[in-house]
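Chemist: Here's a structure for you.
Read-outs: derived from the displayed coordinates by stated rules, not from any lab. The model shown is predicted, which means the values in this text are computed figures rather than measured ones. Positions of Cβ are backbone-derived with ideal geometry, glycine not excepted, and every protein chain shown enters the neighbour counts.
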Number of protein chains: 2
Amino acid sequence: MNRESVLLTDLYQLTMLQAYYERGMNEVAVFEFFVRKLPEERNFLIAAGLEQVLEYLEQACFAADELQWLQHCGRFRGDFVGSLADWRFSGDVDALPEGTLVFPDEPLLRIIAPMREAQLVETRIINLLQFQSMVAAKAARCVLAAAGRTLVDFGLRRAHGAEAGLLSARASYLAGFTGTATVLAGMRWGIPLFGTMAHSYIQAHASETQAFENFARSQPGGTTLLIDTYDTEEAARKLVALMPKLAAPSIQAVRLDSGDLGEHARRVRAILDAGGLSEVRIFASGNLDEYRIRDLLQSGAPIDGFGVGTRMNTSADKPYLDCAYKLQEYAGSPRRKRSEGKATWPGRKQIRRAYGADGRMSGDLLTVASNSHEQDDLLIPAMRQGRRVKQSPALADIRARVCDGLARLPDPLRSLDPAPAYPVTVSQALHSLALAADRSASRQS
Amino acid sequence: MNRESVLLTDLYQLTMLQAYYERGMNEVAVFEFFVRKLPEERNFLIAAGLEQVLEYLEQACFAADELQWLQHCGRFRGDFVGSLADWRFSGDVDALPEGTLVFPDEPLLRIIAPMREAQLVETRIINLLQFQSMVAAKAARCVLAAAGRTLVDFGLRRAHGAEAGLLSARASYLAGFTGTATVLAGMRWGIPLFGTMAHSYIQAHASETQAFENFARSQPGGTTLLIDTYDTEEAARKLVALMPKLAAPSIQAVRLDSGDLGEHARRVRAILDAGGLSEVRIFASGNLDEYRIRDLLQSGAPIDGFGVGTRMNTSADKPYLDCAYKLQEYAGSPRRKRSEGKATWPGRKQIRRAYGADGRMSGDLLTVASNSHEQDDLLIPAMRQGRRVKQSPALADIRARVCDGLARLPDPLRSLDPAPAYPVTVSQALHSLALAADRSASRQS
């Protein structure tokens, strides 16, 4: 990422900072990011985006032109703006490693820092964690539906802006996609790249066969031809006629992008097989999501891979999560929001995950974090005093964690259909802490 | 925007470019961006994002490290990568001015450029135009529902990444929102900023009254207090008791963020009025969209302003558009895609809009663009030979265009409910061109 502005935040962060500054309030605050409730269409989420949060916290500061703008925007006092010149994040971060399966009320990340640091970063932390965790979960559902077939992220064009396109390539790859069409994601993270051709390429040629031939010759490493521009089955027959003229295996697959994908796949498979091209694979795209993939495969469509775009990248059936970054402790006292329908568990929390004899996950315990890190804690240290405690994990390791997690999910939760909630038990210690926080708040408020 | 990488594109753009390069194909191509079909939940769209498209086209080029990466990624030939070093966009752009109301099949933008320029920019053009046009339309529906009340974009945190947050602040402001909470949008574009306070601010204090007092004193220009952290009506009474201690008008509004917003608003209004605070306004937030705003106002809720976030910024009920950037002409011949369900109108097109005696829009004509620009053409020149033909319009002018457009919409289309489609007639000339393109394609394919 380019250096990003710390002014990519909500105005209230700065007005609160000014109010804290004026009262000298800057005790240690503990905030946690968590999801309150899963959408009905999701049985789990996948923690993702921590890497970008840590990058952000490491480099966040006010640039000279930003300070100048704040100084003159008419809302802030000079001494307060002056105090921002050396604002840095110097706090601690504990978090679920990326790729961990996560459920409602469970913190994905905890920030422990002086209030004026912990508050300002709220907006961007939510912005980064919700998006990738949401997309990773949506993509994982596609992975479950595709049952081992190739899945490629095709969604950059209809993602919500540049960063959404780039980060959804990353999130879907972490979740088990085979790769992406987004070139920059390949350059930046080494994510495998896939691409075919556009209808415009075919249309720019005098004949479809000529377009196929030119394209195949220009990609000697092998390629995929788009065959639905005019008549899908006719294009498959043209390919059968063309293939002997080309050096094998220059055409590895054909792509279907419109019409009844299952029916076209069956007919094209028959044409290719009859033409001796049984090694040419069939790739499908166009408005796909986990439901369409499941239905196509259940109908027996001979499709070997799927390009999944818009509906995955935007998490189209539920494009946001009911998530929050909430104050859990200030100046050593647990805090708890009690707004209607939005009450939260106070204090610093930890998650323990239990497994059955079959290796499947059997339930989580949400409890009060101990001071020392325990072997089976799911939240682990990521940053101390503003510095990372370890190197970023390889994407391959995160993918392996997701893969292991999905394999250990109880079967009903692996289904695309809504399942009974995964059991997350709140410990007695946490119940007691909530009661204590309520009593304390009643005295105060 | 920071300089962005031209590798924020789909791999197939580059593989197609290599294929064109090897065959020496680089005739003039004409592409148009349009929406095929409106979601059932939308009666119109608003063209937005042109400014960012022009910025992109002006600065797009391959950086040295990108060329090096392409050289070594194993997919491209050295001479082709070498040819990219001086790749620039040198073409023409015609477009709807931002803020123009637009309907299916109508081009928002036309690119006329050598094929290898016009093709490469496809992905980012779609990425920029679909998002802002979609958000502007969603925001305009909120504007119609709010009937003159204050509307503030609160959605950065759950927008899909940084750019989505920033551009949705812009798009919603263009559509008629009063302002945004996103500070960077204020600094970059001068969009008015609004902010209140977070629950954490209240919770960090020993008492709610103390939090209110500290905050109000720190914002002498006036502020909004969040009153639902513990007990909404109780907090309103605390404010009534506190107000005489503060210099007026330091507290301009209270914010409700949970529970039954309409019921709380009525009770809080009564408490404030009885306490002599009839000038303090009520601002509501929390899962709002155009439907909730309409319902709250229809129920008579005394709410003066709304913070609208997630559901607007993500266009949550329909987070993508069925849109395309299609080749309409190559080397002087009209082209047309005929894929099932995705056939398009060929050639360079123009839109003419008719108005009734009452000043309301009565129908559009989609026709073949003439060579010279006509007075009533909706698509107008934006760029010639890679350079802008005029300065960017002021945001205020774009807002005025939206405002005028919404006022001229026939009433059924202004409704939040699905209305019969706005009449877009395809001209005889365009029908003839499509027939000619089909005949020509039949001979070719």
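Chemist: Per-residue HN-Hα couplings for the range B:302-313, Karplus 6.51 cos²θ - 1.76 cosθ + 1.60 at θ = phi - 60°, whole Hz, x for Gly and Pro?
Modeler: Once θ is set to phi - 60°, the couplings for the range B:302-313 become x, 10, 9, x, 10, x, 10, x, 2, 5, 7, 4 Hz.
Chemist: Once the label point is placed 7 Å from Cα along Cβ, list for B:GLY221 the distances to the corresponding points in the other copies, in nm, shortest first.
Modeler: Taking the point 7 Å beyond Cα along Cα→Cβ, the inter-copy spacings are 5.4 nm.
Chemist: Classify the range A:13-78 from the C-alpha gyration tensor, please: rounded if a/c falls under 1.5, else prolate or oblate depending on whether a/b exceeds b/c. Before the final figure, lay out the partial values.
Modeler: Working: a/c = 2.51, a/b = 1.97, b/c = 1.27.
Here the range A:13-78 falls in the prolate category.
Chemist: To the nearest 20 debye, what is the magnitude of the charge dipole of the protein assembly as shown about its Cα centre, counting +1 on the Cβ of each Lys and Arg and -1 on the Cβ of each Asp and Glu?
Modeler: Values: 104 positive and 104 negative charges, 18 e Å.
In debye, rounded to 20, the protein assembly as shown gives about 80.
Chemist: How many angstrom lie between the Cα centre of the range A:33-74 and the Cα centre of the range B:314-385?
Modeler: That distance is 38 Å.
Chemist: Net charge around A:ILE303, counting only other residues with Cβ within less than 10 Å of its Cβ (Lys, Arg = +1; Asp, Glu = -1)?
Modeler: Numbers: positive: A:ARG149, A:ARG266, A:ARG269, A:ARG281; negative: A:ASP304.
Local charge sum for A:ILE303: +3.
Chemist: Under 5 Å between amide H atoms, partner at least 5 residues away or on a different chain: which partners does B:SER362 have, H built in plane at 1.01 Å?
Modeler: B:ALA354, B:TYR355, B:GLY356
Chemist: Still on this structure: Out of residues 5 or more away from B:ALA95 or on other chains, whose amide H comes under 5 Å of its own, with H placed 1.01 Å from N in the peptide plane?
Modeler: Distant-sequence amide H within range of B:ALA95: B:ARG110, B:ILE380, B:ALA382.
Chemist: Okay, moving on. Can you give the alpha-carbon Rg of the range A:136-313 over 2.2 N^0.38 Å, where N counts its residues? Mind showing how you got there, number by number?
Modeler: On the way: Rg = 15.9 Å, N = 178, 2.2 N^0.38 = 15.8 Å.
Taking the Cα Rg and dividing by 2.2 N^0.38 Å, one obtains 1.01.
Chemist: For B:ILE251, which sequence-distant residues (separation of 5 or more, or a different chain) have an amide H within less than 5 Å of its own amide H, given hydrogens modelled in the peptide plane?
Modeler: Sorted by chain and number, the residues that satisfy this are B:THR223.
Chemist: Now, a different point. Among all the lysines, which ones have a C-alpha under 16 Å from B:LYS326's C-alpha, if same-chain residues fewer than 8 places away are not counted?
Modeler: B:LYS37, B:LYS337, B:LYS342, B:LYS349
Chemist: Tell me which of A:SER207, A:ALA147, A:GLN252 sits at the most positive position along the dipole axis of the range A:136-313, charges placed on C-beta atoms (Lys, Arg +1; Asp, Glu -1).
Modeler: Highest projection toward the positive end goes to A:ALA147.
Chemist: Run through the other copies and list how far each one's label point is from that of B:ASP260, in nm with one decimal, shortest first; the point sits 7 Å from Cα along Cα-Cβ.
Modeler: 5.1
Chemist: Ratio to report: Rg/Rh of the protein assembly as shown, with Cα atoms as the point set and Rh obtained by the Kirkwood method; give two decimals. It would help to have the intermediate numbers written out before the result.
Modeler: Details: Rg = 28.1 Å, Rh = 28.8 Å.
That ratio equals 0.98.
Chemist: For the range A:53-204, what class follows from the C-alpha gyration tensor (a ≥ b ≥ c being the square roots of its eigenvalues): rounded when a/c is under 1.5, otherwise prolate if a/b is larger than b/c, else oblate?
Modeler: oblate
Chemist: Using the Kirkwood radius over Cα pairs, work out the Stokes-Einstein diffusion coefficient for chain A at 20 °C and 1.002 mPa s, in µm²/s as a whole number. Intermediate values should be presented prior to the final figure.
Modeler: Details: Rh = 24.2 Å.
This corresponds to a translational diffusion coefficient of 88 µm²/s.
Chemist: Across the range B:236-246, in residue order, what do the Karplus-derived ³J(HN,Hα) couplings come to in whole Hz, using 6.51 cos²θ - 1.76 cosθ + 1.60 with θ = phi - 60° and x for Gly and Pro?
Modeler: 5, 5, 4, 5, 4, 6, 6, 3, x, 6, 9
Chemist: Shifting gears a bit: Any idea how far the Cα center of the range A:192-269 sits from the one of the range B:79-115, in Å?
Modeler: 26 Å
Chemist: Now, a different point. Per residue of B:250-257, what is the mean number of Cβ atoms on other protein chains within 10 angstrom of that residue's Cβ? Please report the intermediate quantities before stating the final value.
Modeler: Values: counts 0, 0, 0, 0, 0, 1, 1, 3.
For this peptide, the per-residue mean of nearby foreign Cβ atoms is 1.
Chemist: What's the average, rounded to a whole number, of partner chain beta-carbon atoms within 10 Å of each residue's beta-carbon in B:150-159? Don't skip to the end; give the middle numbers.
Modeler: Working: counts 0, 0, 1, 0, 2, 3, 7, 15, 11, 10.
Across B:150-159, the average partner-chain Cβ count within 10 Å equals 5.
Chemist: Now a separate question. How big is the dipole moment of chain A about its Cα centre under a simple scheme where the beta carbon of each Lys and Arg is +1, that of each Asp and Glu is -1, and everything else is neutral? Debye, nearest 20, please. Please report the intermediate quantities before stating the final value.
Modeler: Details: 52 positive and 52 negative charges, 112 e Å.
Using Cβ point charges on Lys, Arg, Asp and Glu, chain A gives about 540 debye.
Chemist: Would you tell me the mean number of C-beta atoms belonging to other protein chains that fall within 10 Å of each C-beta in B:311-320, as a whole number?
Modeler: 5
Chemist: Label-to-label distances across copies for B:ALA419, with labels 7 Å out along Cα→Cβ, in nm, shortest first?
Modeler: For B:ALA419, the inter-copy label distances come out at 4.6 nm.
Chemist: A follow-up question, please. For a protection proxy built on the mean count of beta-carbon atoms within 10 angstrom, sort A:117-125, A:70-78, A:306-314 highest first, please.
Modeler: Values: A:117-125: 23.9, A:70-78: 14.6, A:306-314: 26.8.
Ranked by mean Cβ neighbours within 10 Å, highest first: A:306-314, A:117-125, A:70-78.
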